[in-house]
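**Student:** I am attaching a structure below and will ask some questions about it afterwards.
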Amino acid sequence: MQDDSNKMIIVDAIKFYQQHRGLIIYAYCIMPNHVHLMAQSNGKETLSAVLRDLKKYTSKAMIKKLEKENNVETNNALTIFKEAGEKLKRIKNYKVWQDGNRPMVLYTNKFIWQKINYIHNNAVEAGLVSIPEDYMFSSARNYAELNSLLEIDLISRELITVK
């Protein structure tokens, strides 16, 4: 059985950043080794600043959890994170997240829904579930009107494209 505790660290952090830092989520999928977000900031801070701090917080929380568990699997993960951190002068110990984000301007309904479908199909493509809404760590559940771990702002299929 898969350990979802690191994914729950991310879920809890996103909830906090939604409530306290103005993070708005439209779609997400938290995979075992990466995260997809369609998000924006409420304008009080840049999205880049919010995501930087979210990554910093979740990195520290995951490392602390791994160090506490102290078993072969977690020690292997810590070794990988430590080796990644050693390659960069600005990293003191561990590097959990890749640098940067991949922001995209979402300019048409077709493009927006293409990206949402891509995000939601990640778990299917990885063989974790057979249909997107079966994956608990995805906003596909929100769009299917099922119980979900995070509250999101649903995007209507009837959006008007602005030119």
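**Student:** Tally the residues that are in contact (Cβ under 8 Å) with a residue 40 or more places away in the chain and in contact with a Lys or Arg (Cβ under 6 Å, 6 or more places away or on another chain), restricting the search to the range 1-37.
**Tutor:** 1
**Student:** Can I ask one more? Give the residue that is surrounded by the most Cβ atoms within 10 Å (Cβ to Cβ), with candidates limited to residues of the range 137-148 that are in contact (Cβ under 8 Å) with a residue 60 or more places away in the chain and part of a loop (DSSP other than H, G, I, E, B).
**Tutor:** SER139
**Student:** Within the range 29-70, track down each residue that is β-branched (Val, Ile, Thr) and either more than 29 Å from VAL124 (Cα to Cα) or in a helix (DSSP H, G or I) (or both).
**Tutor:** The answer is THR46, VAL50, THR58, ILE63.
**Student:** Which is modelled with pLDDT of 95 or more, of a type in the set (Asp, Glu) and surrounded by 16 or more Cβ atoms within 10 Å (Cβ to Cβ), of GLU125, GLU133, GLU151?
**Tutor:** Numbers: GLU125 fails: surrounded by 16 or more Cβ atoms within 10 Å (Cβ to Cβ); GLU151 fails: surrounded by 16 or more Cβ atoms within 10 Å (Cβ to Cβ).
From the options GLU125, GLU133, GLU151, the qualifying one is GLU133.
**Student:** Here's something else I'd like to know. Return yes when TYR107 is over 19 Å from GLY22 (Cα atoms) and modelled with pLDDT of 90 or more and no when it is not. Break it down into steps so the answer makes sense when it comes.
**Tutor:** Values: over 19 Å from GLY22 (Cα atoms): yes; modelled with pLDDT of 90 or more: no.
When the stated conditions are applied, TYR107 does not pass them.
The values are calculated or read from the model by the stated rules, or taken from the named source; none is laboratory data. What you see is a predicted model, and the numbers here were worked out from it, not measured in a lab. Heads up, the Cβs are rebuilt from the backbone with ideal geometry, glycines too, and the neighbour counts pull from every protein chain shown.
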